[in-house]
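Worksheet: the structure to be examined is printed underneath.
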Amino acid sequence: MENTVVQLADQRVALINGRIVLPDAIVDDHAVVIEHGKISAITHRDAIGDATPIDVGGRWITPGLIDLHTHGALGHTFNEPTREAFTAICDVNAQYGVTSLCATLAPAPMADMKQCFEYMRTWRSERRSGAHVLGGYLESPYTNVAQKGALDPRCLLSPNDSSADELLEYADVLRIFMVAPELPGAIELVDKINRAGIVPAAGHSSAHDTHVLAAMEHGLRHVTHIWSAMSMVVREGPWRKPGLLESALTFDSLTVEMIADNKHLPPTLMKLAYKCIGPDRLCAISDATSGAGLPSGSRFTMGGMEYEVADGVGMMFDRSAFAGSTTLLGQMLPILINVVGIPLIEAIRMTTLTPARIVGVADRKGSLEAGKDADIVIWNEDFTPWRVMMA
């Protein structure tokens with residue numbers, strides 16, 4: 001793949017002759033004016049003044065994509081606190097149109113997770129190439145073992161053992177913290193996460209809707225990868241008990257993420273999520289692992305576990321569960337548009353503005369608006385990236 005990432009730093013330029021995707025419209029007679037790393041205007045192409053015009057040849061112009069939940073790529077994960085790992089993952093994401101991401105950690109020994117957050121602090125403090133790391137997403141050890149999926153069961157902990165206090169010391173870099181709300185001590189942990197300024201999420205959980213509602217009273221507001229490793233309605237005697245899935249589909253104050261690789265979920269379920277939740281609460285994520293970008297048959301690791309790339313997705317060796325995606329978010333846009341049938345404007349919103357709002361960066365990222373960072377992707381007709389502009 002050719003190097004599509006462009007940095008224009010201090011130039012004043014105008015992207016012309018493109019189809020500009022705004023949050024609620026597509027315009028083709030305007031230009032995106034960029035100056036000092038910011039969008040200075042969306043204006044008629046005849047009003048760009050002395051900006052240097054860049055003709056994009058009728059291609060799509062969108063905000064840079066934002067992946068809230070991605071573990072790795074090319075044989076590396078964010079559980080590796082090294083320059084090599086972070087550089088490889090961030091660079092390949094940028095090449096596929098992802099300009100910002102949350103570096104997602106799988107459960108690991110406490111010392112290892114803390115070391116990763118320490119490195120994340122260092123990484124974020126310096127100017128880097130590739131996708132910008134907004135912060136961390138902890139797919140945490142406070143997981144119900146019955147819903148562990150591909151997570152390492154040896155690293156799971158209890159919310160009521162006070163160990164989470166060590167992780168909350170990294171509130172400056174931690175954006176999303178997942179917990180199973182039905183576990184003993186989970187409600188108190190959700191409250192701590194919320195008061196620390198971190199987004200509390202429910203996931204890898206066997207919760208009933210009553211557990212979810214109780215956690216929502218203490219700040220729970222996000223749900224990790226819908227349909228994956230979560231409870232659904234069960235019968236207890238004659239009574240039907242809704243689970244985390246039904247809560248995600250129903251409660252308007254919850255935002256929800258969906259793995260849109262067309263492997264984890266068939267089209268019907270993705271259509272149902274879109275129909276029930278809508279593009280302003282539902283965001284697409286990759287949940288990409290270190291297997292992303294590797295050929296079928298490759299083995300990869302996450303935390304202390306080893307998996308295999310098979311049939312275009314990460315797999316447990318015994319095929320009992322998926323082990324994350326091997327598809328990057330930029331590769332999921334054609335799936336959202338052509339397979340799920342989501343209107344282009346809304347598919348872009350689900351991969352840009354909606355995730356930006358979830359993690360509180362919509363004041364500077366997620367849409368083509370004056371004053372926001374000039375993180376911009378120019379796409380070919382088939383939604384392969386032609387150019388990716390970083391600030």
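The values are calculated or read from the model by the stated rules, or taken from the named source; none is laboratory data. Since the structure is predicted, the reported quantities are computational estimates derived from the model, not experimental observations. Please note: Cβ atoms are built from the backbone with ideal geometry, for glycine as well, and neighbour counts cover all protein chains shown.
The table below gives the values:
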read-out	value
Counted residues, the range 343-391 - those being part of a strand (DSSP E or B) and within 23 Å of L174 (Cα to Cα)	1
Meets criteria (in a loop (DSSP other than H, G, I, E, B), without any contact (Cβ under 8 Å) to a residue 40 or more places away in the chain and among the acidic types (D, E)) for D252	yes
Single residue of A207, A229, A196 found to be in contact with a helix residue (DSSP H, G or I) (Cβ under 8 Å, 6 or more places away or on another chain), within 16 Å of L138 (Cβ to Cβ) and touching a residue at least 40 places away in the same chain (Cβ under 8 Å)	A229
Identity of the residue in the range 304-342, closer than 11 Å to A288 by Cα and not in a helix (DSSP H, G or I), that ends up modelled with the highest pLDDT	L328
Residues satisfying the stated conditions in the range 142-180, i.e. buried (at least 18 other Cβ atoms within 10 Å of the Cβ) and of a type in the set (G, A, S)	G149, A150, A164, A180
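For (1) part of a loop (DSSP other than H, G, I, E, B); (2) aromatic (F, W, Y), each residue gets a yes or a no:
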{"position": "L134", "(1), (2)": "no, no"}
{"position": "Y142", "(1), (2)": "yes, yes"}
{"position": "A150", "(1), (2)": "yes, no"}
{"position": "L157", "(1), (2)": "yes, no"}
{"position": "L167", "(1), (2)": "no, no"}
{"position": "Y170", "(1), (2)": "yes, yes"}
